[in-house]
Structure formats: structure tokens, C-alpha cells
1. Can A60 be described as modelled with pLDDT of 70 or more and under 19 Å from the mean Cα position of the chain (by Cα)?
2. Restricting attention to region 220-231, which residues are open to solvent by 20 Å² or more (accessible area, probe 1.4 Å) and modelled with pLDDT of 90 or more?
3. Which one of these does E36 not meet: (1) open to solvent by 70 Å² or more (accessible area, probe 1.4 Å); (2) modelled with pLDDT of 85 or more?
4. Can you pull out every residue in region 107-129 that is open to solvent by less than 30 Å² (accessible area, probe 1.4 Å) and either within 17 Å of M174 (Cα to Cα) or aromatic (F, W, Y) (or both)?
5. When you scan region 147-225 for helices (runs of 4 or more DSSP H) that lie fully inside it, which ones turn up with 1 or more residues that are on the phi > 0 side of the Ramachandran plot and touching a residue at least 40 places away in the same chain (Cβ under 8 Å)?
6. Between a residue in region 121-144 that is touching a residue at least 60 places away in the same chain (Cβ under 8 Å) and any residue that is in a helix (DSSP H, G or I) and surrounded by fewer than 17 Cβ atoms within 10 Å (Cβ to Cβ), which pairs come within a Cβ distance under 6 Å, given they are 6 or more apart or on different chains?
7. Where residues in region 71-92 are open to solvent by 30 Å² or more (accessible area, probe 1.4 Å) and part of a helix (DSSP H, G or I), which of them is farthest from G215 (Cα to Cα)?
8. For the structure I just gave you, tell me whether S95 is touching a residue at least 24 places away in the same chain (Cβ under 8 Å) and part of a helix (DSSP H, G or I).
Amino acid sequence: MWSDRIRAMSGAHWLSLFGLIVLSWIALYAMSIPPELRLLEQAYGRDFWVSLCTITPDAAGYLRMVLMWSLMSAAMMAPTVLPALATYDDLTHVSDRANFGALVSGYLVVWFGFSLAAAGLQIALFQAGLIGGFGGSLSAGLSGALLILAGFYQFSTLKEACLSKCRQPMTFFMQHFDEGPWRNGLRLGLVCLGCCWALMLLAFVGGVMSVAFMGLATVIMVVEKLPDLGRFITKPLGGLLLLAGAWTLVTAI
């Protein structure tokens, strides 16, 4: 039972992981503070905090944008991968070849690579005038295209293949266990990326720094990976995204 595993998540590695999730969400919330409140903070001499929370591409620069996307990826993806990590944690008790830290490191490398690409894409879209400073789309064409892309991807065989591995983590690890924890982590990261990249890019529609969007997307991605309930939302969600994309394009004409 998942409830039993959750209660057993009390080791130092789990506390570190949960701490990372909490700190990531706190940092993202701070970055989403409206500009006028940041000016108020600056008026009180809190320049360092204001500087840390400057995430518009023109003011932040590429490296800070990468940091923001890395934090967002950690905050949103860590909850979705907990069942797989709990399964692998069980394997560390029965095999000396299992290494939880190496697995998580490999997983994070994949999402850091995604963050490098996403930060570059955000800067390019901002410079092209297609999104605002806080990542929200200024173009109905861009919004509609991203919604339709995400909608079609929900019906793709690649999405289904990746979800099937996420929903059966023990089978996944048994198939690739001999490759070692590092490569298992890379594989797990790629599978997770295969499940979620299109939904993550919808941040450019809902607003990259919208905590409400990030929270909703995280819940959807967590539910999608559940073995039973997840099967009932993937394709209906795809249909809704297609309708939303079509409506966005039609109303913009």
C-alpha cells in the first residue's frame, strides 16, 4: 500500500528530498511576487531579496532563468516521481547494487538539461515579443499551437509508453536494473520527461511564474501516473486541450 510506503519515508534521503520540494515551492512563490510589491521591498532596503526574485528574462539573464526552470522542474516533478523512488528505495534494502543517491542524480541531470533548453526558449520567445516578462503568452497563435500540441501528444504512443513505465516502476527497474543506478536514473528521467514535457510547456500559456498553473499542472501529472485513476484522465485531458487550442485560435480570427 502506498500509505505504508509514505509512512516509511523517514530516512535522511527522504527528508532531503522533501526539503528540496518545499524550498523549491517557497522560492517559486517568492519569484511570483508582483512587481509593485517588489518595489515596496526595495524601498525598505531589501535589495538582495528583490534581486534574487527578478525572473523576467531581460533583467535576470540566461543563468537565472535556468535556475528558475530548475526550481520549477524540481517542485513540479519530484511529487510525480515519488512512487518510483519509493519502489527503488525498497530495492536498496535487498540489493547492494542499488544506490538511491546515484539514481536521483541521474534523474536530476535529465531535468537540468530540460531547464537549459526551456530557459533558452523562454528568452527567445520573450525577445520575439510572443510572451511577457513573466512568461505568459501574448500571442493567441502561440497559445493555441501549444495547447493543440499538448492535446495531440496526450494521444501519442510515446506518451502512453512513457506513462506505462511510470505506472509500473517495479517492472521498469527490473528490466533495467543491471545497467546500474546512474543509468537507471537517466532512464527514469527520460521516461518522466516523455510523460510531461508538453504539459510543462503549457507554462507559456498559463504563465511561467503562475503558482496556480504550476500547482494544477503538478496535480494533473501526479494523477496521470497513478496505475488506476491515471488511465481515465490522459485522453479526456487531451480532448480538452485540443478544444481549448481550437477555441483560442478561432476567437483570435
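The values are calculated or read from the model by the stated rules, or taken from the named source; none is laboratory data. Values in this document were obtained by computation on a predicted structure and should not be read as measured data. Cβ coordinates were reconstructed from backbone atoms using ideal geometry, including for glycine residues, and neighbour counts include every protein chain displayed. Accessible surface areas use protein heavy atoms only, side chains included; no ligands, DNA or RNA. Shrake-Rupley method; radii C 1.70, N 1.55, O 1.52, S 1.80 Å.
1. Values: modelled with pLDDT of 70 or more: yes; under 19 Å from the mean Cα position of the chain (by Cα): no.
No, not satisfied.
2. Restricting attention to region 220-231, the residues satisfying the condition of being open to solvent by 20 Å² or more (accessible area, probe 1.4 Å) are 220, 222-223, 226-229, 231.
I220, V223, listed by residue number.
3. Evaluating E36 over (1) open to solvent by 70 Å² or more (accessible area, probe 1.4 Å); (2) modelled with pLDDT of 85 or more leaves (2) as the failure.
4. Y107, W111, F114, listed by residue number.
5. Details: elements: 157-167, 169-176, 181-201, 203-206, 211-224.
So the answer is none; nothing clears 1.
6. Within 6 Å, the pairs are A140/A252; G144/L249.
7. Initial filter on region 71-92 (open to solvent by 30 Å² or more (accessible area, probe 1.4 Å)): 71, 79, 82-83, 90, 92.
Keeping just the survivors that are part of a helix (DSSP H, G or I) gives 71, 79, 82-83, 90.
Values: L71: 14, P79: 11, L82: 16, P83: 19, D90: 29 Å.
So the residue we want is D90.
8. On the way: touching a residue at least 24 places away in the same chain (Cβ under 8 Å): yes; part of a helix (DSSP H, G or I): no.
Considered against the rule, which asks whether it is touching a residue at least 24 places away in the same chain (Cβ under 8 Å) and part of a helix (DSSP H, G or I), S95 comes out as no.
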